[in-house]
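J.: Once you've had a glance at the structure underneath, I'll fire off some questions.
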Amino acid sequence: MPSDKKRIFLGASVADLVTMTSLEKFALAKTGVTKKTLEAIKEKAGLDYDTLASGLGTARATLINTKGNTKFSPSLSEKIVGLADIFAYGYRVFEEEERFNQWMFKPNKALGGVMPFDLVSNQFGREEVRNLIGRIEYGVYS
């Protein structure tokens, strides 16, 4: 993985994920995301531990009790990378981080009245949210 792509995982920007290839994201998830990285994502997205745990489909204690440079399991790391990827894409499309953060927590007609964030705890939900952001990006009524 090129070193400039690691910036997000040193706390630089969630938006750096947009430029990572799928193979780079795969490698990152496989080697494990650190607690420091999770903290950077949490701050950028304006999430608390309860909300983050819900979005990752894991226990709050798992997130809180992990320390510093300790890495999460590959399966949880994959969810973390997937969630960060959704936020990175949304920030690029919406062009305003706060506007996208708010959008994630508002019921959406295109999702049957469900909040986008309520779907991100598994791969299929993240895919649906990503597709919806893509429709917004291309001006398709959503």
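J.: Report, by residue number, each residue of segment 99-117 that is assigned to a helix (DSSP H, G or I) and surrounded by 11 or more Cβ atoms within 10 Å (Cβ to Cβ).
T.: Within segment 99-117, Arg99, Phe100, Asn101, Gln102, Trp103, Ala110, Leu111, Pro116, Phe117 meet the criteria.
J.: From Val14, Val81, Val18, Val120, grab the single residue that is buried (at least 20 other Cβ atoms within 10 Å of the Cβ), modelled with pLDDT under 90, aliphatic (A, V, I, L, M) and within 14 Å of the chain's Cα centre (by Cα).
T.: Val14
J.: Another question about this same structure. Mind telling me which of the residues Leu47, Leu52 ends up being out of contact with any helix residue (DSSP H, G or I) (no Cβ under 6 Å at 6 or more places or on another chain), modelled with pLDDT of 90 or more and closer than 23 Å to Met115 by Cα?
T.: Leu47
Okay, residues lined up against (1) within 19 Å of Asn131 (Cβ to Cβ); (2) among the basic types (Lys, Arg); (3) out of contact with any strand residue (DSSP E or B) (no Cβ under 9 Å at 6 or more places or on another chain):
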site: Leu52; (1), (2), (3): no, no, yes
site: Ala59; (1), (2), (3): no, no, yes
site: Leu63; (1), (2), (3): no, no, yes
site: Thr70; (1), (2), (3): no, no, no
site: Ser77; (1), (2), (3): no, no, no
site: Asp85; (1), (2), (3): yes, no, yes
site: Ala88; (1), (2), (3): yes, no, yes
site: Tyr91; (1), (2), (3): yes, no, yes
site: Glu98; (1), (2), (3): no, no, yes
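J.: Continuing with this model, one more query. Which of the numbered conditions does Ser75 fail, given that it passes all the others? Conditions: (1) exposed (fewer than 14 other Cβ atoms within 10 Å of the Cβ); (2) small (Gly, Ala, Ser); (3) part of a loop (DSSP other than H, G, I, E, B).
T.: (3)
J.: If I filter segment 74-95 for residues that are touching a residue at least 24 places away in the same chain (Cβ under 8 Å), in contact with a helix residue (DSSP H, G or I) (Cβ under 8 Å, 6 or more places away or on another chain), over 14 Å from Thr37 (Cα atoms) and among the basic types (Lys, Arg), do I get at least one hit?
T.: yes
The values are calculated or read from the model by the stated rules, or taken from the named source; none is laboratory data. None of the values given here were measured: they were computed from a predicted structure. Using ideal geometry, Cβ is built from the backbone for each residue, glycine included, and neighbour counts are taken over all protein chains shown.
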